[in-house]
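Okay, so here's the structure we're looking at.
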Amino acid sequence: MAHRTTSRPLRILIVDDEMLARQRLRDLLDDIHKVLPVTVIGEVETGLEALHWIQNSEIDLLLTDIHMPDMNGVELAGHLHKMVRPPRIIFTTAYNEHAVQAFELNAIDYLMKPVRVDRLLAALRKVPALKPISESQLENLPANARHFLPVIGRSRIELIPIDNILYFKAELKYVTAKTKEHEYVLEESLTHLEEEFGLDFLRIHRSYLVARKAIKNFVHLHHDGENGWYVNLHQLPDKLPVSRRQRNVLQNFIDHAMNTTPENK
């Protein structure tokens, strides 16, 4: 985030999937402009749109909802954390008082909906002193599994949809994510990925997590130096090894698949 001078208005991006909520914030910011210089750079409906906007514009602050389609506010904050100079964030939320305790305990600023003008003004006045949200703060916020994984380039963040990933492979110090068309190097650990996406990905080897929906079948090979069980995929010719330690996973997967066939439903 560029350092803001006192002569320049605070540049704000509004992120909310509800049109009325965005309009209310615009109206409140118009009123606040009389006492505090602010300007609304734009408004978007999802965290994904916000991330694209931020990488092409200079933004000081995000006023972002938490519950949104495609990418929620907490996931958005996690991706912004990877940026060298991220904008500051103030969450807007309809969470009840019990749920927002996580934000209070982690000293993260938030506004309860419907947002009041006095509370918004007080929050905006604190922005120059706000620090970017840290990784430890993000880990303690309520959020579901991410929909995207970030690949950090020289100056931009590329987002890889989880739904496009066929398998993860751990190699030396890196983890790669394989899609039908590409392979990406991630700054993630396989253990953390398994914890977060264990419902959709199957651990078949200490070095492999495979998307359950990508599995075509399991085969046993005993020729040309190959001896053991392997996973065949629907969209790639890659054969992924199943370790001896994970053989029970293979059987559990097969049993589950048999119990969920149409004739057994």
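The values are calculated or read from the model by the stated rules, or taken from the named source; none is laboratory data. Just so it is clear, the structure is predicted and the values come from calculations on it, not from any experiment. All Cβ positions, glycine included, derive from the backbone under ideal geometry; neighbour counts span all protein chains shown.
Take the residues of the stretch 193-225 that are over 24 Å from the mean Cα position of the chain (by Cα) and outside any strand (DSSP E or B): which is modelled with the highest pLDDT? Spell out the reasoning first.
Step one: of the stretch 193-225, the residues over 24 Å from the mean Cα position of the chain (by Cα) are 204-206, 215-225.
Okay, now just the ones that are also outside any strand (DSSP E or B), so 206, 224-225.
Values: 206: 92, 224: 60, 225: 63.
Applying the filter and picking the extreme gives 206.
Within 20 Å of residue 85 (Cα to Cα), crowded, with 17+ Cβ neighbours inside 10 Å, modelled with pLDDT of 85 or more and in contact with an Asp or Glu (Cβ under 6 Å, 6 or more places away or on another chain): does that describe residue 175? Step through it out loud before you land on a result.
Numbers: within 20 Å of residue 85 (Cα to Cα): no; crowded, with 17+ Cβ neighbours inside 10 Å: yes; modelled with pLDDT of 85 or more: yes; in contact with an Asp or Glu (Cβ under 6 Å, 6 or more places away or on another chain): yes.
So residue 175 fails the test.
Residues in the stretch 60-87 that are more than 17 Å from the chain's Cα centre (by Cα), at pLDDT 90 or above and either surrounded by fewer than 22 Cβ atoms within 10 Å (Cβ to Cβ) or of a type in the set (Asp, Glu) (or both): how many?
Our first condition is that a residue be more than 17 Å from the chain's Cα centre (by Cα); within the stretch 60-87, this holds for 60-61, 63, 84-85.
Filter again for at pLDDT 90 or above, leaving 60-61, 63.
Those left that are additionally either surrounded by fewer than 22 Cβ atoms within 10 Å (Cβ to Cβ) or of a type in the set (Asp, Glu) (or both): 60.
Result for the stretch 60-87: 1.
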* Mind listing whichever residues of the stretch 227-247 are exposed (fewer than 13 other Cβ atoms within 10 Å of the Cβ) and either of a type in the set (Ser, Thr, Tyr) or farther than 22 Å from residue 183 by Cβ (or both)? => 227, 244, 245
* Asked: Looking at the stretch 114-138, which of its residues are assigned to a helix (DSSP H, G or I) and touching a strand residue (DSSP E or B) at 6+ places or on another chain (Cβ under 7 Å)?
  -> 119, 120, 123, 124, 127
* Report whether or not residue 221 is closer than 22 Å to residue 177 by Cβ and of a type in the set (A, V, I, L, M). => no
* **Close pairs (7 angstrom Cβ cut-off, 6 or more residues apart or separate chains): more than 10 Å from residue 211 (Cβ to Cβ) in the stretch 161-178, among the acidic types (Asp, Glu) and surrounded by 13 or more Cβ atoms within 10 Å (Cβ to Cβ) anywhere** => 175/188
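Under the condition of being of a type in the set (Val, Ile, Thr) and assigned to a loop (DSSP other than H, G, I, E, B), which residue from the stretch 155-192 is nearest to the chain's Cα centre (by Cα)? Reasoning before the result, please.
Let us first name the residues in the stretch 155-192 that are of a type in the set (Val, Ile, Thr), namely 157, 160, 162, 165, 175-176, 179, 185, 191.
Remaining after also requiring assigned to a loop (DSSP other than H, G, I, E, B): 165, 179.
Details: 165: 14, 179: 18 Å.
Restricting to residues being of a type in the set (Val, Ile, Thr) and assigned to a loop (DSSP other than H, G, I, E, B), the top hit is 165.
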* Please list, ordered by first then second residue, the pairs with beta carbon atoms under 8 Å, 6 or more apart or interchain, first in the stretch 182-195 and in contact (Cβ under 8 Å) with a residue 40 or more places away in the chain and within 11 Å of residue 170 (Cα to Cα), second assigned to a helix (DSSP H, G or I) and hydrophobic (A, V, I, L, M, F, W, C). => none
